[in-house]
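The values are calculated or read from the model by the stated rules, or taken from the named source; none is laboratory data. What you are looking at is a predicted structure, and each value in this text was computed from that prediction instead of being measured. With ideal geometry, Cβ positions are generated from the backbone for all residues, glycine too; neighbour counts draw on all protein chains shown. For the accessible areas, the whole protein counts, side chains as well, though only heavy atoms, and no ligand, DNA or RNA atoms are used. Shrake-Rupley method; radii C 1.70, N 1.55, O 1.52, S 1.80 Å.
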Amino acid sequence: MSGGPLEPTDLDHRLRAAETIVREAGRVAADQFARRELLSIDRKGAQDLVSEADRVCEDHIVAGLFQLFPEDGFLGEERGSRNPKVAAIWVVDPIDGTHNFLTGIPVWCVSLGLVVGGERVLGIIYYPIAGELYSARRAGGAFLKGQPIKVSGATDLTRARICV
C-alpha cells in the first residue's frame with residue numbers, strides 16, 4: 001500500500017469536499033427518484049436490485065472525489081474497486097436502500113466512507129428527501145447538518161428509542 005495516515009487537516013478537507021459531492025449526488029438521486037418508473041433495473045440477486053440511478057450516482061461521487069484526490073482508491077457497490085492498493089479508500093454506496101428507492105418508499109440515502117490503512121476515519125450519510133446530512137470524523141465527532149450529535153446515553157431499553 002502506498003501512502004500513510006492522513007493528518008487531521010487532510011481528513012477535515014476530505015470531509016468537507018465529500019459532503020459537497022454527496023449532496024450533489026443526493027440531488028441527482030432525488031431527480032432519478034422522481035422519475036424512477038423510467039429507470040432500467042437489473043437484478044444482482046433475488047432481492048438485490050440495481051438501477052441506472054445507482055450507477056449514475058456512484059459515477060458522480062467517484063468522479064468528483066477522483067478529481068480532488070486522484071491518489072485515493074475507491075470501492076463502489078456497483079462499479080467495484082479502483083486503485084485498491086493505496087492507503088486511503090473511499091467506500092461508496094450510491095443509493096443505500098435501492099429496493100425502497102425503486103418501489104417509491106422515500107427511505108433511502110447516499111452513503112460514503114473513507115478507510116485509511118484499514119481504519120474507518122470518515123462517514124457521510126445524506127438523506128436527500130429530508131435534506132439531512134450526517135457526517136462523522138474519527139476523533140472529531142458526529143454531526144447532523146453541521147451541528148454536533150451524540151447518543152442519548154440511555155442504558156435501559158425502556159428509555160431508548162429504537163427504529164428498525
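Between 29, 88, 130, the Gaussian network model of the chain with springs among Cα atoms under 10 angstrom shows the greatest mean-square fluctuation at 130. Relative contact order, whole percent, for the chain stands at 20, derived from Cα pairs under 8 Å and 6 or more residues apart. For the chain, the 222 nm mean residue ellipticity estimated from helices alone, with every DSSP H stretch of n ≥ 4 adding -39500 (n - 2.57) and the total spread over all residues, rounds to -10000 deg cm²/dmol. Test of understanding: extend the Cα→C-beta vector of residue 150 to 7 Å, then name every residue of region 113-135 with backbone N under 20 Å from that spot. Those under the cut-off are 123, 134-135. Over the chain, what portion of Cα pair distances is larger than 29 Å, expressed as a whole percent? Percentage above 29 Å: 23. Quick one: with all protein chains in place, what share of the accessible area of region 34-164 is carbon or sulfur, to the nearest percent (1.4 Å probe)? The value for region 34-164 is 55 percent carbon and sulfur by accessible area.
In a GNM of the chain with a 10 Å cut-off on Cα contacts, which of 30, 154, 18 has the highest mean-square fluctuation? Ranking 30, 154, 18 by mean-square fluctuation puts 154 first. Normalised per residue, the accessible area of the chain is 58 Å², obtained with a 1.4 Å probe and no contribution from ligands, DNA or RNA.
When the Gaussian network model of the chain links Cα atoms closer than 10 Å, the mean-square fluctuations of 95, 105, 129 top out at 105.
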